[in-house]
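Report on the following structure.
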Amino acid sequence: MREMIRAVNVRKTFTLSRRQMAIEKTHSNKKVALDGLTFTAYEGQIYGLLGPNGAGKTTMLRILATLIKADSGEAYVAGHEVSREAEKVRASIGFLTSELKLEDFFTPAYLFTFFGNLHGLSEDVIQKRRRELFEKFGIDRFAEVKVGDLSTGMKQKVSLVISIIHDPQVIVFDEPTNGLDVLTAKVVTDFLAELREQGKSIIISTHIFSLVEKLCERVGVIIGGKMVKEGTLEEIRGGQTLEDAFFEIYKETAGEQ
Amino acid sequence: MKNILTIVRKEFARFFKDKRLVIGTLILPGLLIFVLYSLLGSAFYEGDKISTVKVVNPSAVFAPIFEQASADSENSSGLKFETVEDNSQESVDALTAQLKAGEFQVLIVFPENFDEEIAVGKPAQERPEITVRYNSADTQSLSAYSAVTSLFDQTEDALSGLFNINYTQSGDVSTAQEATASYYSMLLPFLILTFLYSACMGIAPESIAGEKERGTIATLLVTPIKRSELVIGKIASLSVLSALSAIGSFIGTFLSMPKLMGGSIGDMFAAYSAGAYVALFAVMLSAVLLIVSLISILSAFAKSVKEATTFAVPVMILVMLLGLSSMMFGTVSALPVFFIPIYNCVQVMAQIFSMQFSPLCLLVTLASNAVYIVLLVLLLTKMFKSERVMFNK
């Protein structure tokens, strides 16, 4: 199987402001977010980064999306190294996270065309993709309504279709169902499964065990910025439920730390 | 280039589709300036109204001065003198009541035997006193009073034997056009620069700090667009919008200036050559690009629009002080001055308005500003690549 995402010994440390130090209740202004993370995700599979809040999942995905840079180590997406070939990486991925917002003033139709243009798509391709995706997610009925007037679920659908407007090979979704109602969450999970069937490589971060069990072939458990266990879903579970297996791993790691 | 245009189109769409933004940024400032300055001008000049001055016990010494002023009433003085024969106290009281009712504007009462007492030449404390009454609550009366006292001041000097006044020849050797140009060279560079900066400050923070604050900039940063294309697209669109806003304010000022300072718009247009207007446009464009780049950098540093505005205010004060420099120190011609950003724009504009325009100074200004703009764009591009700057929450 072809490797589509590979991280090798990725490290990332953040410098904290005084305010952040007070919030984190620490005297050090350095916080290790990723401590030598290594993993591989393959073509046609969904890879799940599983871990508690603050484990470093989002930081890893932001490095893959080229929004931030690793201090050391290497990461590759679709064969491109993320820091040296950032523009090629961005052209190959669809990135969705709750921190990416759409301008309230514009309509989904306008934003779809705008981001299509930024991805270098022709007008015909943009229109074709718009028909496909808007119909699939029911966006047609609010395509000309300003984003600011849409519900959270509607906004998430619009963000999702915009993130994959260019039909990327690799999809990077940070907490894809976070904050969504059950209906929209189901639409998103079904769509991820459909993309996998199309041969796309997908990496998601989550702390929802059922989502990982339902979608992922491979799982990486991150705790405190370290990859404490990585393998297929079955390997991670070890004959238990994923939830039980995770807390067993968590206790072991806490004991070590 | 295509990506730059896409960004420019989006910024324009964001601006022009928002009616409140268009009215508030492009139309309202110019309109308010026009109305405000016109009202101020009306208050100062009271239009072309002729004020009536009633004189009790007319003096032979002042008669030719008043006659001359009455003859000039339609052109410059705006005063028409009328003699009142009845000099009784009842008459003066009645006239005072009429003055208060606004029936005329100034009342002058000379003492009896005024001319004889002047001829004798008494010591200071025994000199005859002229009573001048006016209504300070009436702007026309106030304006007429000012003109009358000016006439007296001139005459008092003449009577003291210090010098003679020649009413037919002015002591001012400059032409009216040169005098107007001098006013404009002092005032307009400051106003233009203030309008440009205000316009940039109203638009640029929203586009960069606002996008950071709302999280929409990150959505742009994960597209394959180059950071430099994003920066150039933003600066180009913001510059056009800021220039449009500044032009709106400038038109408001330009149209109201004749009312504020006297004169006509036609005279103003005719005063400057086509080359001067082209040079003015070039220097304004250069200034707006420089200011937009500067405010964009401050906005990129800021976490929110509010913080960006806070950062931009001290710079605005500095820019305004530079704008005032032509008012305080006049124009300079030393070439090194034209390498100082913003100040060079003030000086070139002052040169243009005072009709002492030097193409070399303009060239140095445009070239040095182009270098500063490129450096600022490179710095902003670097900032857009920096996660510390773009995600500094």
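Taking each residue in B:211-221, count the Cβ atoms of any other chain within 10 Å of its Cβ, then average. What number comes out?
Values: counts 2, 0, 1, 4, 7, 9, 2, 8, 14, 5, 7.
Other-chain Cβ atoms within 10 Å of each residue's Cβ, averaged: 5.
On a 24 Å Cα-Cα criterion, which of the cross-link pairs A:Lys157/A:Lys214; A:Lys157/B:Lys234; A:Lys69/A:Lys251 come out too long? It would help to have the intermediate numbers written out before the result.
On the way: A:Lys157/A:Lys214 20 Å; A:Lys157/B:Lys234 27 Å; A:Lys69/A:Lys251 31 Å.
Going by Cα-Cα distance, A:Lys157/B:Lys234; A:Lys69/A:Lys251 fall outside the 24 Å limit.
In terms of Cα to Cα distance under 14 Å, which aspartates and glutamates are near enough to B:Lys49, apart from those fewer than 8 places away along the same chain?
The qualifying aspartates and glutamates are B:Asp72, B:Glu74, B:Glu103, B:Asp138.
Report the paramagnetic label zone for B:Val61: residues of the range B:95-136 whose backbone N is under 16 Å from a point 7 Å from Cα along the Cα-to-Cβ axis.
Residues passing the 16 Å test: B:109-132.
Helix-only estimate, please: 222 nm mean residue ellipticity of chain A, summing -39500 (n - 2.57) across DSSP H runs of length 4 or more and dividing by its residues, to the nearest 500. All intermediate terms of the calculation are to be shown ahead of the outcome.
Details: 10 runs with 102 residues, N = 257.
Estimated from H runs of four or more residues: -11500 deg cm²/dmol.
Which of the lysines could a cross-linker span from B:Lys54 if the Cα-Cα distance has to be under 27 Å and same-chain partners fewer than 8 positions apart are dropped?
B:Lys80, B:Lys100, B:Lys122
For B:Arg9 and B:Val374 in one chain, what is 0.36 nm times their gap in residues minus the Cα-Cα distance, to one decimal in nm? Before the final figure, lay out each step's value.
Details: separation 365, 0.36 × 365 = 131.40 nm, distance 2.20 nm.
Taking 0.36 nm per residue and subtracting the Cα distance, the gain is 129.2 nm.
Calculate the translational D of the range A:206-257 in whole µm² s⁻¹ from Stokes-Einstein, where the hydrodynamic radius comes from the Kirkwood formula applied to all Cα pairs, the temperature is 25 °C and the viscosity 0.890 mPa s.
On the way: Rh = 11.1 Å.
So the translational diffusion coefficient is about 221 µm²/s.
Could you work out how far apart the two model spin labels at A:Glu132 and A:His207 are, taking each label as a point 7 Å from the Cα in the direction of the beta carbon, and quote it in nm?
Here the answer is 3.6 nm between the modelled labels.
With r defined as the distance between the Cβ atoms of A:Ile23 and B:Gln356 and R0 fixed at 51 Å, what FRET efficiency is calculated, to the nearest 0.05? Before the final figure, lay out the partial values.
Values: r = 61 Å, r/R0 = 1.19.
The formula returns an efficiency of 0.25 here.
Among the trypsin sites (Lys or Arg not before Pro) within the range A:68-134, which fall in a DSSP loop and have no more than 14 other Cβ atoms within 10 Å of their own Cβ?
Numbers: sites: A:Lys69, A:Arg84, A:Lys88, A:Arg90, A:Lys101, A:Lys128, A:Arg129, A:Arg130, A:Arg131; in loops: A:Lys69, A:Arg84, A:Lys101.
Those that pass, being in a loop and sparsely packed, are A:Arg84.
I'd like the Karplus ³J(HN,Hα) series for the range A:190-205: coefficients 6.51, -1.76, 1.60, θ = phi - 60°, whole numbers in Hz, and an x wherever there's a Gly or Pro.
These are the phi-based 3J(HN,Hα) values: 4, 5, 4, 5, 5, 5, 4, 4, 7, x, 6, 9, 10, 10, 10, 10 Hz.
For the range B:288-364 and the range A:200-220, what is the separation of their Cα centres, given in Å?
Taking the Cα centre of the range A:200-220 as reference, the centre of the range B:288-364 is 56 Å away.
Given points 7 Å out from each Cα along the Cα-Cβ axis, report the B:Val132 to B:Val313 separation in nanometres with one decimal.
Reported label-point gap for B:Val132 and B:Val313 is 4.4 nm.
In terms of Cα to Cα distance under 12 Å, which aspartates and glutamates are near enough to A:Lys226, apart from those fewer than 8 places away along the same chain?
A:Asp35
Could you list, bin by bin from short to long, the percent of Cα-Cα pairs of the protein assembly as shown in 10 Å steps?
Distribution as computed: 3, 12, 17, 16, 13, 11, 8, 6, 6, 4, 2, 1, 0 percent.
Please give me, ordered by residue number, the GluC sites (Glu not before Pro) of the range A:81-153 that lie in loop per DSSP and have at most 16 other Cβ atoms within 10 Å.
Those satisfying the criteria are A:Glu99, A:Glu144.
Taking only the alpha carbons of the range A:121-185, what extent do you get along each of the three principal axes, in Å, biggest first?
33, 29, 18
In Å, what is the Rg of the alpha-carbon atoms in the range A:1-142, and how long is Dmax?
For the range A:1-142, the Cα radius of gyration and maximum Cα-Cα distance read 18.4, 56 Å.
A short reminder: the numbers here are calculations on the coordinates, not readings from a lab. Because the structure is predicted, anything quoted here is derived from the model rather than measured. Neighbour counts run over all protein chains shown; Cβ positions are idealised from the backbone, glycine included.
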